[in-house]
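S.K.: Please see the structure below; I have some questions.
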2 protein chains.
Amino acid sequence: MQSADAKLSRSSLQLALRRYSTAVHNMEQTILLPSLLRDVPYDNDPDCEAADHSMDLYEYYLLLKAIKNTVESGLIAHDDVKAKSHATLHKVLEPLLEAELEALFHFHLQGLFTVMATLTKKSQNLTEKYLDIVGISR
Amino acid sequence: MQSADAKLSRSSLQLALRRYSTAVHNMEQTILLPSLLRDVPYDNDPDCEAADHSMDLYEYYLLLKAIKNTVESGLIAHDDVKAKSHATLHKVLEPLLEAELEALFHFHLQGLFTVMATLTKKSQNLTEKYLDIVGISR
C-alpha cells in the first residue's frame, strides 16, 4: 500500500482516513458473528496500553464502526455527545489555545493522522482476534 | 447516529479545508503587492487575541499561504520543522494521550475544524486590511 514516496516519510491525512475505512470494511466483512466478541477482554493485546480496559472486544468493534461512519460522512457535530469525554482535554489546553495558530494547526493535523493510524491497527488486530476465536488462522 | 439535528449544525472537515483554500486563493488574487503589508502590525484587529503579536501582516500573509500548501498537499512531515513549536502542547497532553482513542479522535477532528475556521477568517481579514491600505473599500 505504501509507495516509494511514502518511504520518504510523507503521509497524507486523506490516505490515513481512507486506510482506516478500508481496515474497518475488511473487519466488517470478516466478522460474520460479532456476538462472539462479547465479554472477550482486550487485555491480551500486546499494544493495548492506550486501550480502554473496561471495554470488551464487541464494544471495540462497535466503536471502530461508529468512527468509520464519522470519518466517511466527514461530519462534525458541534453539540457532540462525545463533548463531555474530551472536556478534560479542552480544560488542560485552554491556556494553550491562545497560542499561535500555526502550531495548533500542525498539532491537530498530526494528531488526527496519528489517531487514524492507531485506529487502523486496532481494526486489523480485532479482525485477527476474531479469526483466532473462530479457529481460522491465516 | 446523527440525522435531522445534525443538519442544523453539520460541518464537514473537507468543506472547512476547501473554504480555507478558497479564502487564501482570494487573498492571493487580491494582494498584488504583498510588500505593502510589511511592518504593519496586526494589533488593530478586533479579534486578534489569539494572534501572535510579534508578527506583522506580511509574515501573516506568508504563514497563511504556507498553511494552504500543507492543506492542499495533505502531507504531514513527520520530522516537521514545526515540531518544536508544539512540543509544549505534547508535553501538557502526554498524560491524556493514554486516554481513550475515541475522545482523542473527536478532539483532533473538532480541533482541526476550529483552527481551519479561524484561519479562514484571518485570511479574509488580511484581504480586507490590504484593501484598506491601498485605499479600496468594498
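The values are calculated or read from the model by the stated rules, or taken from the named source; none is laboratory data. Values in this document were obtained by computation on a predicted structure and should not be read as measured data. Here the Cβ positions follow ideal geometry from the backbone for every residue, glycine too, while neighbour counts run over all protein chains shown. Surface accessibility is based on the protein's heavy atoms, side chains included, excluding ligands, DNA and RNA. Shrake-Rupley method; radii C 1.70, N 1.55, O 1.52, S 1.80 Å.
S.K.: Given label points at 7 Å from Cα along Cα→Cβ, what nm distances, shortest first, separate B:Leu62 from the same residue in every other copy?
M.R.: Between copies, matching label points for B:Leu62 lie 5.3 nm apart.
S.K.: On to the next question. Sorted by accessible area with a 1.4 angstrom probe, largest first, how do B:Met27, B:Met55 fall? Don't skip to the end; give the middle numbers.
M.R.: On the way: B:Met27 0, B:Met55 35 Å².
If we order B:Met27, B:Met55 from most to least accessible, we get B:Met55, B:Met27.
S.K.: Here is a follow-up. Please report, for A:Arg38, the nm distances (one decimal) from its label point, 7 Å out from Cα along the beta-carbon direction, to the equivalent points in the remaining copies, shortest first.
M.R.: Here A:Arg38 shows inter-copy label distances of 7.2 nm.
S.K.: When you look at the Cβ of every residue in B:65-75, what mean number of other chain Cβ atoms sits within 10 Å?
M.R.: Values: counts 0, 1, 5, 0, 0, 5, 3, 0, 3, 10, 9.
Averaged over the peptide's residues, the number is 3.
S.K.: Take A:Asp132, A:Asp39 and sort them by solvent-accessible surface of the protein heavy atoms, 1.4 Å probe, largest at the top. Could the numbers behind the result be given before it?
M.R.: Working: A:Asp132 110, A:Asp39 130 Å².
In descending accessible area the options line up as A:Asp39, A:Asp132.
S.K.: So, in nm, how far is label B:Glu72 from label B:Glu28 when the simple model puts each one 7 Å beyond its Cα toward the Cβ?
M.R.: 0.3
S.K.: Enter the buried accessible area of the A/B pair, total of both sides, probe 1.4 Å, in Å² rounded to the nearest 100. Working shown, then result.
M.R.: Numbers: alone 10030 and 10230 Å², together 14940 Å².
Using a 1.4 Å probe on protein heavy atoms, the buried area is about 5300 Å².
S.K.: Would you kindly work out, in nm and rounded to one decimal, the distances from the label point of B:Lys121 to those of the same position in each other copy, ordered shortest first, with label points 7 Å along Cα-to-Cβ?
M.R.: Taking the point 7 Å beyond Cα along Cα→Cβ, the inter-copy spacings are 3.7 nm.
S.K.: Order the following by accessible area, largest value first: B:Thr120, B:Thr114. Probe radius 1.4 Å; ligands, DNA and RNA are ignored. Could the numbers behind the result be given before it?
M.R.: On the way: B:Thr120 15, B:Thr114 70 Å².
The ordering from most to least exposed comes out as B:Thr114, B:Thr120.
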